Amino acid sequence: MLIETETTPNPASLKFLPGRAVMGGDGTREFASPEAAEASPLAQALFDTGEVTGVFFGSDFVTVTAAPGSDWSDLKPTVLGVLLDHFVSQAPLFAPGTAAGIRVPGDDEAELVFADRPEDADIVAQINELIETRVRPAVAGDGGDIRYRGFKDGVVYLAMQGACSGCPSSTATLKHGIEGLLKHYVPEVTEVRAA
């Protein structure tokens, strides 16, 4: 089995492509602590290296974020070994009864910064359509994901995940890339903020 790696805009994160489905479909899952990783034997094994501070499962990739001071030239073979062991053994991705927290498009309502107003429903639908069709594929290409968190008074609130959450260029991505796109197609949008 060959696992390809790709760099991400975040120098602390690498994207690993096992050549098969990880989450499948459009679901994602992020683990930001060893406690959260207990839901997944794979995420837990990565955190158990002692040099990992984040794990993100995408549809066909795993993004791993190294702890400050870790050297990818030393950590990469260890991560590849953990991933190979997992995928070759065909072990389950999640411990039984622990898959809660999987993000599927359309489930963002549970994590809104505040409830969207009914009169903004058309605007919110346009924003979500652009995020799903234009933004999410690009962000996934960089080893991450993005979540809609709310719209109020012209401001769109978004949360970055995976390699994108700690990336030095995530602010520029939000402000210059995503904000420009949304303002162009949805005139009611005046600003994009991280949530």
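The values are calculated or read from the model by the stated rules, or taken from the named source; none is laboratory data. Note that the structure is predicted; figures quoted are calculated from it, not measured. Note: ideal-geometry Cβ built from the backbone for every residue, glycine included; neighbour counts use all protein chains shown.
Remarks
- Within the range 118-146, the only residue that satisfies the criterion of being closer than 16 Å to E179 by Cβ and outside any helix (DSSP H, G or I) is I146.
- The set of residues in the range 29-55 being more than 17 Å from A12 (Cβ to Cβ) and either among the aromatic types (F, W, Y) or not in a helix (DSSP H, G or I) (or both) consists of R29, E38, A39, S40, D48.
- Matching residues in the range 3-28 - criterion: being closer than 14 Å to K76 by Cα and either among the aliphatic types (A, V, I, L, M) or part of a helix (DSSP H, G or I) (or both): I3, A12, L14, L17
- Near pairs, Cβ below 8 angstrom, 6+ apart or cross-chain, from the range 139-152 (in contact (Cβ under 8 Å) with a residue 24 or more places away in the chain and closer than 14 Å to T63 by Cα) to any residue that is surrounded by 20 or more Cβ atoms within 10 Å (Cβ to Cβ) and of a type in the set (F, W, Y): A140/F61; G143/F56; G143/F61; G144/F56; D145/F56
- Residues satisfying the stated conditions in the range 153-169, i.e. touching a residue at least 60 places away in the same chain (Cβ under 8 Å), not in a strand (DSSP E or B) and not hydrophobic (A, V, I, L, M, F, W, C): S165, G166, P168, S169
- Taken as a whole, the condition of being within 21 Å of A140 (Cα to Cα), modelled with pLDDT of 95 or more and assigned to a helix (DSSP H, G or I) does not apply to L75.
- Members of the range 31-65 that are touching a Phe, Trp or Tyr at 6+ places or on another chain (Cβ under 6 Å), surrounded by 22 or more Cβ atoms within 10 Å (Cβ to Cβ) and not hydroxyl-bearing (S, T, Y): A43, V55, V62
- Of all residues in the range 106-154, those satisfying the criterion of being surrounded by fewer than 15 Cβ atoms within 10 Å (Cβ to Cβ) and modelled with pLDDT under 75 are G106, D107, E109, A110, E111, F114.
- Among all positions in the range 185-192, there is at least one residue which is in a helix (DSSP H, G or I) and more than 20 Å from K15 (Cα to Cα).
- The number of residues in the range 1-24 being touching a helix residue (DSSP H, G or I) at 6+ places or on another chain (Cβ under 8 Å), among the hydrophobic types (A, V, I, L, M, F, W, C) and surrounded by 15 or more Cβ atoms within 10 Å (Cβ to Cβ) comes to 3.
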